[in-house]
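Some notes on the structure that comes next.
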Amino acid sequence: MSGANGYSVLFEPVKIGPVTTRNRFYQVPHCNGLGHVRPQAEAAMRGMKAEGGWGVVCTQETEIHPTSDLGPYAENRIWDEHDIPALRLMTQAVHEHGSLAGIQLAHNGYHAPNHLTRAPVLAPSDMPIESAYPKQARAMDKQDIRDLRQWHRAAARRAREAGFDIVYVYAGHNMTLPQHFLLPQYNDRSDEYGGSLENRLRLTRELLEETREELDGHCAVAFRFAVDQMMGPDGMQAAEEGRAVVEMLAELPDLWDVNVSDWSNDSQTTRFQPQDGFQVPYIEFVKQVTSKPVVGVGRFTSPDLMTSLVNKGVLDLIGAARPSIADPFLPSKIEAGRIEEIRECIGCNICVSADTLGVPIRCTQNPTMGEEWRRKWHPEKIAAKGREEAALVVGSGPAGLECAMQLAKRGYDVTLAEARPEFGGRALRESRLKGLSAWKRVTDNQLWDLQQRGNVQMFTDSPMTAEEVAGLEIPNVFLATGATWHRDGRGRSSLAPLPIEGLPAFTPDDIMVNDLPPEDGPVLLYDDDQGYMGGVVADHLAEAGRKVILVTPGAIVSAFTDLTLEQSRVQTALIEAGVEIIPLHSLQSADASGATLACTYTGRSRHIPCASLMMVTSRARDTELFDALHDGYAGRFTTLELLGDAAQPGLIADAVYAGHMAARNFECDPAQTDADWFRRELISLDDMGGK
């Protein structure tokens, strides 16, 4: 079918040195919070990508030596031969589906704190390590450099033994020694490894040559290189030294994997970079310089854009990290002409936040991500229904829609009731806020699927009473009735309502229906939630012409967004929009004259004149219908379950996951579902030879 749908070029094989990939879909290396700590989960997740049609599936950065210890983060390791069996699980899972397996060898230099190993931190020059821990990296001497080259060579040898087809030299994201040597801000050496670009490139050239020699034609050698730091003249630029590097090494690697750095630039959220393919202007020169195949990224979700980039000679391979997480079966769906079924990445970076927290990967669009091994969840398959015939889902937010969709896939007759005039709940409403338009993709995918199914009835403008629910005589009821933002100041700093009189108080719920504070004075936005919402609403109100004063008990605005690589952009955008920011203060009270704040540390108070309040604090679960059904009609139902924010307010990703799990667990053995919570990988008690 691929030839018939206009995308046949995407399914052509591509030769990469001594190996050939079956198509042009290339899952570039990306972290996932699994790694050496959870190798079976890692293998299952990567294997699912291969099953979904990705011709090349890479693992994440893989530490080559104890002097590059990224703990507590769960990346991969290839320190010695004891790491090979765990890595081989991944290559076998990928090969089982006919795909190539790639490994990104990494020594992270001053980016690796070595908290576990307590080894010396290495860098081109003396400098503080990247984390806030008060320790410095030492400048590598010639023996250190010789050691590094041997460590890298040995890691390449072990990678081949583990079954990898593509082995990386990695100089990207401002995270690795080869890139640190390349960049003058990190490299002030005066020997043959410093000074001129040719000298700064020497280590990279040596690693590429020695990796090729070690692999001896059995594996391809890939070079992942950040051509632009997006710092203008203060950093490497694609048009200057970035291009020069490609010209100097043009034919040395078998594959060029090109992007921008640092990670926050490479993985920008749609909030600040809505354009799919946004990296193309930085990397489009590469194929003009080298004859070797080129892979690039840029949150590609459109097969038309992918095809255009190949036909124009910009890319040979369509790279993806986040789109392959949102939909592991994206290539298969394009090949089969099922474009509408693709779960498009919304660029929220919830996947990134998991790695930043050191926990297994998750995704807003794909609730099965990270659960392939633990729960045996498959993104495209779900068990058929049991004895029950029908279910009622009340509420069409992300939890309700996901639950209804999966129940319908299982074969149940599903009735979906929504009190509002339109389906979508918070995902739809939040998508109307500045910068969040891509979040509507969550609702779009769920609704499209439901609308294709003959066993689903969907009703808007249908608020339900307990009596009406009972009257339907549907024995299985799932309530996704959501949550509303508190207007009275209850949040992290105060679990009790605050004394607020004589001043109008608004919440994000008001803004999402375009009920804005008046223009007759400043709006004091109190962000005691400290997630993404406070910064979004402040920016939204500023664009609407309001004077905004953002107060937060935190030291920075929207502290959560540090996990999604966008906090600096959030705070910069607010400053540029004219938002006044008052950190480290909590709201104590408010009256007609304004708000009284207290310093988080000293308790000293200050008064801020304002005309209205915007309360972004915490949410109240809407359980009224559940309580009435539970108290008055419980005996009539086989299933009566709260879902999503009505059960526990959280992220949209949490709501989607909860709806998905409720549908999966329905009519399943409770003992098995309980066991799935605790399925974990156990660490061997072997001393590994006493090394």
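The values are calculated or read from the model by the stated rules, or taken from the named source; none is laboratory data. Computed from a predicted model, the values in this text were never measured in an experiment. All Cβ positions, glycine included, derive from the backbone under ideal geometry; neighbour counts span all protein chains shown.
Which of the residues spanning the range 459-511 are on the phi > 0 side of the Ramachandran plot and over 31 Å from the mean Cα position of the chain (by Cα)? Within the range 459-511, Asp461, Glu473, Gly502 qualify.
Of the residues examined, Val310 is not one that is in contact with a Leu (Cβ under 6 Å, 6 or more places away or on another chain) and either at pLDDT below 95 or not in a loop (DSSP other than H, G, I, E, B) (or both).
With the condition being among the small types (Gly, Ala, Ser), I'd like the strands (runs of 3 or more DSSP E) fully within the range 11-120 carrying at least 2 qualifying residues. Reasoning before the result, please.
Values: elements: 14-16, 19-21, 25-27, 56-63, 100-106.
In the range 11-120, 100-106 are the strands (runs of 3 or more DSSP E) which contain 2 or more residues that are among the small types (Gly, Ala, Ser).
When restricted to residues that are buried (at least 18 other Cβ atoms within 10 Å of the Cβ) and in contact with a helix residue (DSSP H, G or I) (Cβ under 7 Å, 6 or more places away or on another chain), the range 481-497 contains 4. The residue that is farthest from Leu208 (Cα to Cα), among those in the range 250-274 that are among the hydrophobic types (A, V, I, L, M, F, W, C) and surrounded by 22 or more Cβ atoms within 10 Å (Cβ to Cβ), is Val260.
Rundown of residues vs (1) of a type in the set (Lys, Arg); (2) buried (at least 22 other Cβ atoms within 10 Å of the Cβ); (3) modelled with pLDDT of 95 or more, yes/no style:
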{"position": "Gly3", "(1), (2), (3)": "no, no, no"}
{"position": "Arg22", "(1), (2), (3)": "yes, no, yes"}
{"position": "Gly33", "(1), (2), (3)": "no, yes, no"}
{"position": "Gln40", "(1), (2), (3)": "no, no, yes"}
{"position": "Ala43", "(1), (2), (3)": "no, yes, yes"}
{"position": "Gly71", "(1), (2), (3)": "no, no, no"}
{"position": "Arg77", "(1), (2), (3)": "yes, yes, yes"}
{"position": "Met90", "(1), (2), (3)": "no, yes, yes"}
{"position": "His95", "(1), (2), (3)": "no, no, yes"}
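Screening the candidates Glu372, Glu388, Glu402 for the property of being charged (D, E, K, R), in a loop (DSSP other than H, G, I, E, B) and under 20 Å from the mean Cα position of the chain (by Cα) yields one hit, Glu372. In the condition set (1) on the phi < 0 side of the Ramachandran plot; (2) loosely packed, with under 14 Cβ neighbours inside 10 Å; (3) in contact (Cβ under 8 Å) with a residue 24 or more places away in the chain, Gln588 is compliant with all but (2). Test each condition in (1) within 27 Å of Ile342 (Cβ to Cβ); (2) in contact (Cβ under 8 Å) with a residue 24 or more places away in the chain for Phe278 and report the one that comes out false. For Phe278, the exception is condition (2). Within the set Ala399, Ala383, the sole residue that is of a type in the set (Gly, Ala, Ser), at pLDDT 95 or above and over 21 Å from Leu479 (Cβ atoms) turns out to be Ala383.
All conditions in (1) part of a helix (DSSP H, G or I); (2) over 18 Å from Gln446 (Cβ atoms); (3) of a type in the set (D, E, K, R); (4) at pLDDT 95 or above hold for Asp355, with the sole exception of (4). Does Gly531 meet the test of being in contact with a helix residue (DSSP H, G or I) (Cβ under 7 Å, 6 or more places away or on another chain), not assigned by TED's automatic domain parsing to the domain that holds Cys31 and not in a loop (DSSP other than H, G, I, E, B)? Here the answer is no, as Gly531 does not meet what is asked.
Residues in the range 433-457 that are of a type in the set (A, V, I, L, M), touching a residue at least 60 places away in the same chain (Cβ under 8 Å) and not in a helix (DSSP H, G or I): Leu433, Leu436.
Give me the residue from the range 259-292 that is in contact with a strand residue (DSSP E or B) (Cβ under 9 Å, 6 or more places away or on another chain) and among the basic types (Lys, Arg) and, out of that set, farthest from Met230 (Cα to Cα). Only one residue fits best here, namely Lys292. Checking each residue in the range 258-286 for being under 12 Å from Asn174 (Cα atoms) and in contact with a helix residue (DSSP H, G or I) (Cβ under 7 Å, 6 or more places away or on another chain) picks out Asn259, Val260.
So that you can scan it fast, the table gives a plain yes or no per residue for (1) under 19 Å from Gly395 (Cα atoms); (2) surrounded by fewer than 20 Cβ atoms within 10 Å (Cβ to Cβ):
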{"site": "Thr443", "(1), (2)": "yes, no"}
{"site": "Asp461", "(1), (2)": "yes, yes"}
{"site": "Glu467", "(1), (2)": "yes, yes"}
{"site": "Leu472", "(1), (2)": "yes, yes"}
{"site": "Leu479", "(1), (2)": "yes, no"}
{"site": "Pro499", "(1), (2)": "no, yes"}
{"site": "Leu503", "(1), (2)": "no, yes"}
{"site": "Asp509", "(1), (2)": "yes, yes"}
{"site": "Leu516", "(1), (2)": "no, yes"}
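Give me the residue from the range 665-687 that is part of a helix (DSSP H, G or I) and more than 24 Å from Gly33 (Cα to Cα) and, out of that set, modelled with the lowest pLDDT.
To start, the set of residues in the range 665-687 that are part of a helix (DSSP H, G or I) comprises 665, 670-678.
Keeping just the survivors that are more than 24 Å from Gly33 (Cα to Cα) gives 665, 670-672.
Numbers: Asn665: 96, Pro670: 85, Ala671: 83, Gln672: 80.
So the residue we want is Gln672.
The single condition among (1) within 28 Å of the chain's Cα centre (by Cα); (2) more than 22 Å from Pro518 (Cα to Cα) that Leu584 does not satisfy is (1). Residues that are assigned by TED's automatic domain parsing to the domain that holds His107, modelled with pLDDT under 95 and not charged (D, E, K, R) do not occur anywhere in the range 209-218.
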